[in-house]
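Please read the structure below before turning to the comments.
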Amino acid sequence: MLVHARKPWQFTRILRCARLAHTEREARKDDRWPGWEVVVGIEVHAQIKSRAKLFSESWTSDYSVPPNTRVSPYDAAFPGTLPRLNPQCVELGVRTALALDANVHRQSAFDRKHYFYADLPSGYQITQHYAPFATDGGLKLDNDNTFVRIKQIQLEQDTGKSTFDPLQGLSSIDLNRAGTGLMEIVSEPDMRSPEEAGAYVRTLQALLRAVGASDGNMEQGSLRCDVNVSVNRKGAGLGTRCEIKNLNSVKFMMVAITAEAYRHIEMLERGEAVPQETRGFNEASAETYTLRSKEDAPDYRYMPDPNLPPLLLDEAYIDTIRRTMPELPPATRARLIALGLSKRDADVLMDIDAGRDVGAEGAVAYFDRVAAGREPKAVVNWITHELLGQLAKRRETFADNLISVAQMGELVDLVQVGRITGTAGKTVLRQMLDTRTSDPPSMIAEQLALFSAQSGGDALGAWCAEAVAALPDEADAVRRGNVKVVNKIVGRVMQISRGTADARAARDALLKMLQ
Ligand SMILES: Nc1ncnc2c1ncn2[C@@H]1O[C@H](COP(=O)(O)OP(=O)(O)OP(=O)(O)O)[C@@H](O)[C@H]1O
Ligand SMILES: [Mg+2]
Ligand SMILES: [Mg+2]
């Protein structure tokens, strides 16, 4: 086993952050469980966004792929097959470790963890039990100043999937997932509430997506959490933890932690000890239940994998990755706010990206390209209010957006210089979404006669004439001296002009025509 030195500067920084977070938490007492402290540590399994599996050349897949079509002989544990480490998984792992400010070790190793299950054909999972490739990182949460220390990050294999059909009494095994690369990211027990645990997973999700290491999608199983919960009287040492396995949404994870905390508190208040257990969570009843006690814990018989040499990473390799790190979410948020965006607007843009597929253009990148040389606040309004709003009305999301950067830029310009009004701009945007056209917005404004009166010649006179013709009775009333009725005709002018006319000028022109 290797002994890993912690960099001194990192140690003091982590301690300082942890202390700060601790005093802030002290100030914020939790009145759900007065006198008690709830402690949470999380093991996150994130599927690595790599084309090929961790030790074989077969491709990784999602639910859409037919069962057992992405399985190499190695994945099915055929005798005589050997593992070959996929460098892309290592690179994405190192990227994640650097983003989490962890120590990436020059030397690490792979071990076998044995257990017997139908979706694990070799009878063991390759993981990094004794010498993980990265240790001692940390993550500052988005919600407040909570700092969660990361104990270690290890590379390991995913298993296959088994499904049981009770009607036929048949178990089916799908090995498509078998051997897909996973990172297990293990936190220290640094969270003190279900909310902090939720914020941790969300912050980690956004980070994994920003570095392109994982989809981080809990619903689709590309990010899975085991949460460890314990409870202790304030000021006393840590209590006994129970581990709740396989939570597949942040919401249910928070419910499970709350339920587990109350269960522990009730036992402790009755004077019973909490036995260390591995538990499951029933979403319908919002309760956790025993899977196995510590006594039944499997003996994994860990041993170094004899087929895999140590993983050696040289400093130059790690440096190259460090130099090509993308912008991380805290830096993105700070940059957007420095451009003049409100925190809320920055968060809206970043939230879109938190939910996007890795690889697709994100909302922040789109904003950056449209905003180049333009007023950032105007651009963010058009994107977050108008574009997202209209997409939402159509039950579409940013991923469905077909408005190009050039189109969006020109639209903002037309409105900013006053060639069309804001209302007309919205009409142009709607037309572009409806027709999925690649025409420039100026051409669409021209076709729809949306150019403002000043720039479009005597459009106002024509609109007034059309409105008068459309409302003869009202026009007569105005002619007979009932001036109030003119407002109704002004309304029609606005309608005909799609909001581009100046209402006051229209009123004046109508009165001149009719009196
Ligand atoms: N008293 C405690 N209360 C809450 N969480 C704890 C406590 N002690 C440890 N933990 C958390 O439990 C987790 C232990 O995970 P780790 O991967 O080290 O071991 P494991 O759960 O025993 O093994 P496996 O990976 O096989 O599940 C860590 O996230 C740690 O922060
Ligand atoms: Mg673990
Ligand atoms: Mg565990």
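The values are calculated or read from the model by the stated rules, or taken from the named source; none is laboratory data. Here the structure is a predicted model, which means the values were calculated and not measured. We place every Cβ from the backbone using ideal geometry, glycine too, and count neighbours over all the protein chains shown. These accessible areas exclude ligands, DNA and RNA; they are computed on the full protein's heavy atoms, side chains included. Shrake-Rupley method; radii C 1.70, N 1.55, O 1.52, S 1.80 Å.
Observations on the structure shown:
- Restricting the search to helices (runs of 4 or more DSSP H) fully inside segment 357-445 and requiring at least 3 residues that are aliphatic (A, V, I, L, M), at pLDDT 90 or above and surrounded by 14 or more Cβ atoms within 10 Å (Cβ to Cβ) gives 363-371, 376-381, 405-416, 422-435.
- Considering residues of segment 38-54 that are touching a strand residue (DSSP E or B) at 6+ places or on another chain (Cβ under 7 Å) and away from ligand 1 (no atom under 16 Å from the Cβ) only, the residue nearest to Thr96 (Cα to Cα): Ile48
- Segment 333-342, residues that are out of contact with any helix residue (DSSP H, G or I) (no Cβ under 6 Å at 6 or more places or on another chain) and either farther than 24 Å from Glu375 by Cβ or not aliphatic (A, V, I, L, M) (or both): Arg335, Ser342
- For Pro326, the test of being open to solvent by 40 Å² or more (accessible area, probe 1.4 Å) and assigned to a loop (DSSP other than H, G, I, E, B) is passed.
- Of residues in segment 446-475 being open to solvent by 30 Å² or more (accessible area, probe 1.4 Å) and not in a helix (DSSP H, G or I), the one modelled with the highest pLDDT: Leu448
- Set Lys140, Lys113: member being open to solvent by 20 Å² or more (accessible area, probe 1.4 Å), within 15 Å of ligand 2 (Cβ to nearest atom) and in the same structural domain as Ser222 (by TED's automatic domain parsing): Lys113
- Strands (runs of 3 or more DSSP E) (entirely within segment 159-252) containing at least 2 residues that are under 18 Å from Gly137 (Cβ atoms) and within 16 Å of ligand 2 (Cβ to nearest atom): 181-187, 223-233
- Phe116 satisfies every condition listed in (1) at pLDDT below 95; (2) within 16 Å of ligand 3 (Cβ to nearest atom) except (2).
- From Pro66, Pro121, Pro83, residue being assigned to a loop (DSSP other than H, G, I, E, B) and surrounded by fewer than 16 Cβ atoms within 10 Å (Cβ to Cβ): Pro66
- So Met253, is it touching a helix residue (DSSP H, G or I) at 6+ places or on another chain (Cβ under 7 Å), free of Cβ contacts under 8 Å to residues at least 60 places away in the same chain, closer than 21 Å to Val40 by Cβ and away from ligand 1 (no atom under 16 Å from the Cβ): no
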